[in-house]
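S.K.: Sharing a structure below in structure tokens format, with a few things to ask.
The values are calculated or read from the model by the stated rules, or taken from the named source; none is laboratory data. All values reported here derive from a predicted model rather than from experimental measurement. All Cβ positions, glycine included, derive from the backbone under ideal geometry; neighbour counts span all protein chains shown. Ligands, DNA and RNA are stripped out before the accessible areas are found, and what is left, the full protein with its side chains, is counted by its heavy atoms. Shrake-Rupley method; radii C 1.70, N 1.55, O 1.52, S 1.80 Å.
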Amino acid sequence: ELIKKVFKPKKVLDVGCGPGALMYLLKEQDVLCHGDDFSPSCKKLAPPKVRDKIFIGSIVDFETKSNSYDLVICREVLEHLTLAQIKKAVQNLCRISSKYVYLTTRFHKNPRSLLSVGEDKETDPSHITVLNKDFLRALFVMEGFRRRADLEDKMDWLKKNRVLVYEKDGQIIAEVNLD
């Protein structure tokens, strides 16, 4: 309900969808939703109502038309990728979205610099890249997206400070394309 209220999406891509729980809930809210997950078992475990809407593959090399979804969701995925994969994932998230990208991830607790990268093996041994939040924000800005702090606040209802919301900014994109 919160996603529908905040973003008013018509078509959503849930990256790292697992067996489609969020997809199922969005479908109940009459939102068209597709999912993408790296694990083939996700599709087998998914409820029949969403199973056929799950693509198997990585966001790093996910192929679909640009601007295909007005909201791209990526929750708790980036920390499982290498730094090079994160850069490519952000490019794809931004390319696929026609309006918003909403993501959650874990951030470096005490970064010494913009480029500080750590791990979070205590929470999950597969958390190999924990970034400085400002560095991840810069990746979105370089793709022509602008921060929506107002929407971050609405989506961070647990107040964990792990939510980013970015909106495609046509003016920034036009300026970049002129150079």
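S.K.: For K154, tell me the accessible area in Å² from a 1.4 Å probe, rounded to the nearest 10.
M.R.: 110
S.K.: Let me ask something else. Connecting C-alpha atoms closer than 10 Å in a GNM of the chain, tell me which of G118, G20, G35 has the biggest fluctuation.
M.R.: Top of the fluctuation ranking is G118.
S.K.: Moving to a separate point now. Among T105, T123, T82, which one shows the highest mean-square fluctuation when the chain is modelled as a Gaussian network with alpha-carbon springs under 10 Å?
M.R.: Fluctuation is largest for T123.
S.K.: If you keep only loop residues by DSSP, which GluC sites (Glu not before Pro) in the stretch 101-171 have at most 14 other Cβ atoms within 10 Å of their Cβ?
M.R.: Passing both the DSSP loop test and the Cβ count: E122.
S.K.: May I pose another question? Given the pairs K11/K44; K8/K99; K133/K160; K11/K65; K5/K154, which are separated by over 18 angstrom at their Cα positions?
M.R.: K11/K44
S.K.: Provide the per residue accessible area, probe 1.4 Å, for the chain, rounded to a whole number of square angstrom.
M.R.: 56
S.K.: If you don't mind, there's one more thing I want to ask. Express the C-alpha Rg of the stretch 16-159 as a ratio against the empirical globular expectation 2.2 N^0.38 Å, rounded to two decimals.
M.R.: 1.06
S.K.: By the scheme Lys and Arg +1, Asp and Glu -1, what is the net charge of all other residues having a beta-carbon under 15 Å from that of P125?
M.R.: -4
S.K.: Return the loop-located GluC sites (Glu not before Pro) in the stretch 1-101 (DSSP other than H, G, I, E, B) with at most 11 other Cβ atoms within 10 Å of their own Cβ; answer none if there are none.
M.R.: E1, E63
S.K.: By how many nm would the segment from D52 to K160 grow when fully extended, if each residue of separation counts as 0.36 nm and the alpha-carbon distance is taken off? Can you show the working numbers first?
M.R.: Values: separation 108, 0.36 × 108 = 38.88 nm, distance 3.29 nm.
So the extension gain works out to 35.6 nm.
S.K.: Could I ask something else about it? If the elastic network links every pair of Cα atoms under 10 Å, which of V15, V117, V163 fluctuates the most in the Gaussian network model of the chain?
M.R.: V117
S.K.: Let me ask you something else. Keeping all protein chains in position, work out how much accessible area H34 exposes to a 1.4 Å probe, and write it in Å² to the nearest 10.
M.R.: 30
S.K.: Filter the trypsin sites (Lys or Arg not before Pro) in the stretch 79-126 down to the DSSP loop ones having no more than 11 other Cβ atoms within 10 Å, then list what survives.
M.R.: K109, R112, K121
S.K.: Round to a whole number: what % of the accessible area of the stretch 1-155 belongs to carbon and sulfur, probe 1.4 Å? It would help to have the intermediate numbers written out before the result.
M.R.: Values: 4270 of 8200 Å².
C and S atoms contribute 52 percent here.
S.K.: Quickly estimate the mean residue ellipticity at 222 nm for the chain, helices only: each DSSP H run with n ≥ 4 gives -39500 (n - 2.57), and the total goes over all residues, rounded to 500. Let's see the in-between values first.
M.R.: Details: 8 runs with 63 residues, N = 179.
Calculated from helices alone, the mean residue ellipticity at 222 nm is -9500 deg cm²/dmol.
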